[in-house]
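Participant: Can you read through this structure? Questions will come right after.
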Amino acid sequence: MKIILLATVPHTGTWFMVEFFRSHPAVSNFVEIQVLQKATNLVAVANPGRKGLFAGAVNLVQGHFGHLPHQKLLLAFAAMSPLIIPLRDPLLALITAKNRDQFGHHQGLQIAKVWGELVAHIDAERDFYQPFYVPLDLLTEGKYEIPGVVVPEGFGLTARRRSKLVQVLSIAGLHDTDTTEQSSFKHAQKWAGEWPHTRHNSRGMYPLKEAYLAGDVKKIRDAMPKAYYFLQQAEGALRPMLEREGYRELMWWTQP
């Protein structure tokens, strides 16, 4: 049995990454952490209708940080499985949550605090967990250089995406499991070329996203003042991780 763990903060490209892995020919099973949390046995035995981990298969397990019972199981898997974590500017993730009316009476604070869970439990212990981060918005825009992504001079954004996705598959242990005509390199090349980031759980353009792209800090802050303030207060904790992965000049940073 092989397990690949996709551990995510909400609204950071979870379903883009799920479909990237699920469409790889070597990955034969996908299960969410909340399903495993409720299961009496983690391994689905002799029951084709039952969800769980499959023996003799490559299992993709996905779970969000933040919900404590799920997070405990998530961390257990993270200690023994390849750990892949998609990233996105936390402010843009909050804007997505706001657009989907997911703030509730917490005014977005609970969602913002999930980023702190990632930093406190995984990034602070990265020598042990060895997370591999995938900054999807940087790969979409191509605005900044991404550490670890090296392509020959003159090659464009597609080559950078392919380089990162090949690394993802290698970390996941799928670099040598080419059981069909579509190799891992071809799989990465296909996704890098198509880059279907708007196809998976995206709502396209809307006013707050337009404000983000225009750099309209006031409009964003006025729409979610508590969440924006909390995010700024967490800059000291979040920024080292984000800068290490290639993020620069994010609009909510208080220092240059």
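Participant: Rounded to the nearest whole Å², what accessible area per residue is found for the chain with the 1.4 Å probe? Don't skip to the answer; put the middle values down first.
Facilitator: Details: 12460 Å² over 256 residues.
Ligands and nucleic acids excluded, the result is 49 Å² per residue.
Participant: What whole-number value in cubic angstrom gives the convex hull volume per residue for the C-alpha atoms of the chain? Each step should come with its number before you reach the end.
Facilitator: Details: hull volume 36.5 nm³, N = 256.
Taking only Cα atoms, the chain has a hull volume of 142 Å³ per residue.
Participant: Placing +1 at every Lys and Arg Cβ and -1 at every Asp and Glu Cβ, with all other atoms neutral, what dipole size does the chain have around its Cα centre, in debye to the nearest 20?
Facilitator: Values: 28 positive and 23 negative charges, 120 e Å.
Value, rounded to 20: 580 debye.
Participant: A further question follows. Quick one: pull the percent of accessible area on the chain belonging to carbon and sulfur, 1.4 Å probe, ligands and nucleic acids left out. Numbers along the way, then the final one.
Facilitator: Details: 6510 of 12460 Å².
Of all accessible area on the chain, carbon and sulfur atoms account for 52 percent.
Participant: Something else now. Under 5 Å between amide hydrogens, which residues at least 5 positions from Val43 or on another chain qualify, with H placed 1.01 Å from N in the peptide plane?
Facilitator: Result for Val43 returns Leu53.
Participant: Taking R0 as 25 Å, what's the FRET efficiency between Lys226 and Asn99 from their Cβ-Cβ distance, rounded to 0.05?
Facilitator: Numbers: r = 17 Å, r/R0 = 0.66.
After rounding, the FRET efficiency stands at 0.90.
Participant: So, one more: Sort 13-22, 90-99, 235-244 by the packing proxy (mean of other Cβ within 10 Å over each peptide's residues), most packed first. List each step's numbers first, then the result.
Facilitator: Numbers: 13-22: 19.7, 90-99: 22.1, 235-244: 15.8.
The most tightly packed comes first, giving 90-99, 13-22, 235-244.
Participant: Follow-up. For region 185-240, state the average projected area of the convex hull of the C-alpha atoms over all orientations, rounded to one decimal in nm². Write out the running numbers ahead of the final one.
Facilitator: On the way: hull surface 24.8 nm².
Over every viewing direction, the Cα hull of region 185-240 projects on average to 6.2 nm².
Participant: What are the extents of the Cα atoms of region 1-43 along their three principal axes, in Å, largest first?
Facilitator: Reported extents, whole Å, longest axis first: 30, 26, 11.
Participant: All other residues with a Cβ under 14 Å from the Cβ of Arg244 taken together, and with Lys, Arg as +1 and Asp, Glu as -1, what is their net charge? Can you show the working numbers first?
Facilitator: Numbers: positive: Arg126, Arg239, Arg248; negative: Asp123, Asp127, Glu145, Glu243, Glu245.
Here the charged neighbours net out to -2.
Participant: A further question on this structure: For the chain, what relative contact order do you get, as a whole percent, if you take Cα pairs closer than 8 Å and at least 6 residues apart? Before the final figure, lay out the partial values.
Facilitator: Values: 341 pairs, mean separation 58.1, N = 256.
RCO, the chain: 23 percent.
The values are calculated or read from the model by the stated rules, or taken from the named source; none is laboratory data. No experiment lies behind these values; they were computed from the predicted model shown. When we count neighbours, we look across all protein chains shown, and the Cβ atoms used for this are built from the backbone with ideal geometry, even at glycine. What goes into the accessible areas is simple: the full protein's heavy atoms, side chains included, and nothing from ligands, DNA or RNA. Shrake-Rupley method; radii C 1.70, N 1.55, O 1.52, S 1.80 Å.
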